[in-house]
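Novice: Shown below is the structure under consideration.
The values are calculated or read from the model by the stated rules, or taken from the named source; none is laboratory data. If you're wondering where the values come from, they're calculated on a predicted model, not measured in any experiment. Reconstructed Cβ throughout: ideal geometry from the backbone, glycine too, with neighbour counts over all protein chains shown. Side chains are part of the model used for accessible areas, which takes the heavy atoms of the whole protein and leaves out ligands, DNA and RNA. Shrake-Rupley method; radii C 1.70, N 1.55, O 1.52, S 1.80 Å.
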Amino acid sequence: MSTYKQYTIKNTVYFISIYPEFKDYHIQTAETVVQRKENNWTIVVEDSRNLTSLVEEQWTLTAKAESSESGLEQYMVFIDENGTEHSLIEETPIYKNQEFKENTAINWPENKGFLLRIPKNNQLSLEKNYQTMITWNIVEGP
C-alpha cells in the first residue's frame with residue numbers, strides 16, 4: 001500500500017508542471033527544428049503569497065539549459081511571442097506575470113516556446129538518447 005501526502009506551501013510562488021519533451025529526431029542533412037511532443041504543453045505556476053502585504057505582485061519566469069555531458073543544451077532555444085529566438089545557454093526571460101492570479105498557465109503555439117534547433121553539421125548520434133536539465137527561476141518584481 002502506498003501513501004500519498006499533499007503539502008501546501010504558503011506565501012510562495014512555485015511550479016506545478018515544468019517538464020517538456022521533444023519529438024524524436026532523425027539525423028538530417030539540413031537544419032531541423034524539433035517540436036515538443038505535446039504541442040499544448042503548459043507550464044503552471046501557483047502563487048500562494050498573501051498579496052495584501054506585498055508592494056509588488058509581478059514576477060518573471062526565466063529558464064537556462066545547464067551544461068551536460070550530452071551537449072543537448074547548445075540546441076535548446078526559446079522563441080518568444082514576437083518570433084525572436086533566444087539560446088537557452090544563457091538565462092532567458094520566458095514569461096512576465098503582470099497581475100496576481102493564483103494559478104498561471106503558460107503555453108505557446110507549436111512554432112514558439114521551447115524547441116530544439118539542430119544544425120545540419122552536429123555531433124548527435126543515432127544510437128543515443130539525449131537529455132539535459134533546465135534551471136527555472138521565478139524572480140519577484142517588475
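Novice: Run residue 86 past the list (1) surrounded by 12 or more Cβ atoms within 10 Å (Cβ to Cβ); (2) in contact (Cβ under 8 Å) with a residue 12 or more places away in the chain and report the number of the one that doesn't hold.
Specialist: (2)
Novice: With respect to residue 36, determine if the residue is closer than 15 Å to residue 22 by Cβ, of a type in the set (D, E, K, R) and under 13 Å from the mean Cα position of the chain (by Cα).
Specialist: Yes, satisfied.
Novice: Something else: Filter the stretch 98-123 down to residues that are part of a loop (DSSP other than H, G, I, E, B) and surrounded by 15 or more Cβ atoms within 10 Å (Cβ to Cβ) and give me whichever is modelled with the lowest pLDDT.
Specialist: In this case the residue turns out to be 122.
Novice: Here is a follow-up. Would you check which residues across the stretch 58-71 are open to solvent by less than 20 Å² (accessible area, probe 1.4 Å) and either under 21 Å from residue 39 (Cα atoms) or acidic (Asp, Glu) (or both) and list them?
Specialist: Once the filter is applied, which keeps residues that are open to solvent by less than 20 Å² (accessible area, probe 1.4 Å) and either under 21 Å from residue 39 (Cα atoms) or acidic (Asp, Glu) (or both), the stretch 58-71 yields 61, 62, 63, 65.
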